[in-house]
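Notes for the one structure printed next.
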Amino acid sequence: MPIYRVPRSDVTRLAFMKKAIQTAALDKEMGNAYADDALMADFSAHYTAYDAAFVEMRGALGNRVRETAESTAVFEKLKMYISHAWTSIYHRVLRLDLPAGILTYYRLHADGSRPAMTQAREAWALAARQIIQGDGAAVLAGYTAMAEPTAVELQAILDAYITKTGDTQQADRKYDQAQADLATYREPADALIKELRDRIVFGTRKLDASSQRRILRSYGAQYRYLPHERQDEGQETAVSEE
C-alpha cells in the first residue's frame, strides 16, 4: 500500500501548501470544499509568510556564498602581493649587494628564506602589516623603499582584505538570522498541513483508497510506492524517499 510522505523540508512543505491553496480555491468554486474558510485563511497567511522567509534565507545564502568567494579572491591576492614583495626585496639585496640585515625589516631571514606561513588568514594579514611597517623603518634607516609592490599598494590590498572580511562576517550573521527566522515557520506549517490532510481524509472516507489518494495528491500530498507495487491510475512513476 502506498505510504504517505510527510513533507520534511522547506521546499516540500511550501510546495504542498501552494498546491493546497490553489486546489482548495477551485474546490470551493465547485461547491466541494474539504476545509472551511478559517482554516484556509490561516493556511494562506502562513504560506505567504513562510515563503517570504524562505526567499529571504535563499537570498542571504546567495549573498554569503558571493561574499565568501570574493573574500577568498582578495585573500589570495594579498598572499600574492606579499610573495612578490619578498621576492623583489630578496633579489634587490642580491643584485645591489646590500647588507643582508635589510631582509629582516621585511620578516625575511638573513639568508633570504621566508618565514613559515600557515593558511591562517590573520597570519598573512599580520605579515602584510609588518612588511609595511618594516618598509617604513628601512626608509628611515636610509634604504630605498620597496617597489614591487610598493608599501602603498600592499596597504591598499590589505585594506581591501579587511573590508571584505567584515562583509563576509556580516553576510554570515545575516544568513544565520535568516535560518533562525525560517525555522520558526516549520512547526506551524506541519500542524496546518496535518490538519488539512486530516480533514480531507475525513471528507473522503467513503471513497476507495485510490480515489482518496488522488484527491489528496491534488492538494499536494505525495506517496511512496514499494518496489513492484502497482501504482494508482495517473501515477506514472513512483516517488522516491527524500
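The values are calculated or read from the model by the stated rules, or taken from the named source; none is laboratory data. Quick caveat: nothing in here was measured; it's all calculated off a predicted structure. Here the Cβ is made from the backbone with ideal geometry for all residues, glycine too, and neighbour counts use every protein chain on show.
In region 105-125, the residue that is surrounded by the most Cβ atoms within 10 Å (Cβ to Cβ) out of those that are under 21 Å from residue 140 (Cα atoms) and free of Cβ contacts under 8 Å to residues at least 24 places away in the same chain is 108.
For residue 25, the conditions (1) assigned to a helix (DSSP H, G or I); (2) touching a residue at least 24 places away in the same chain (Cβ under 8 Å) are fulfilled apart from (2). The number of residues in region 178-187 being assigned to a helix (DSSP H, G or I) and either in contact with a helix residue (DSSP H, G or I) (Cβ under 8 Å, 6 or more places away or on another chain) or within 13 Å of residue 52 (Cα to Cα) (or both) comes to 6. Residues in region 1-40 that are of a type in the set (D, E, K, R), over 24 Å from the mean Cα position of the chain (by Cα) and closer than 24 Å to residue 183 by Cβ: 5, 18, 19.
Taking the listed residues 175, 90, 81, the one that is closer than 30 Å to residue 54 by Cα, buried (at least 17 other Cβ atoms within 10 Å of the Cβ) and at pLDDT 95 or above is 175, with no other qualifying. Taken together, the residues in region 104-160 that are basic (Lys, Arg) and on the phi > 0 side of the Ramachandran plot amount to 1. Entry remark, region 98-132: residues being closer than 13 Å to residue 82 by Cα and not in a loop (DSSP other than H, G, I, E, B) number 12 in total.
For residue 145, the test of being exposed (fewer than 14 other Cβ atoms within 10 Å of the Cβ), in contact with an Asp or Glu (Cβ under 9 Å, 6 or more places away or on another chain) and free of Cβ contacts under 8 Å to residues at least 24 places away in the same chain is passed. Being modelled with pLDDT of 95 or more, among the basic types (Lys, Arg), outside any loop (DSSP other than H, G, I, E, B) and more than 30 Å from residue 124 (Cβ to Cβ) is a description that applies to residue 194. Residue count for region 157-201 under the criterion of being aliphatic (A, V, I, L, M), touching a Phe, Trp or Tyr at 6+ places or on another chain (Cβ under 9 Å) and within 30 Å of residue 93 (Cβ to Cβ): the result is 2.
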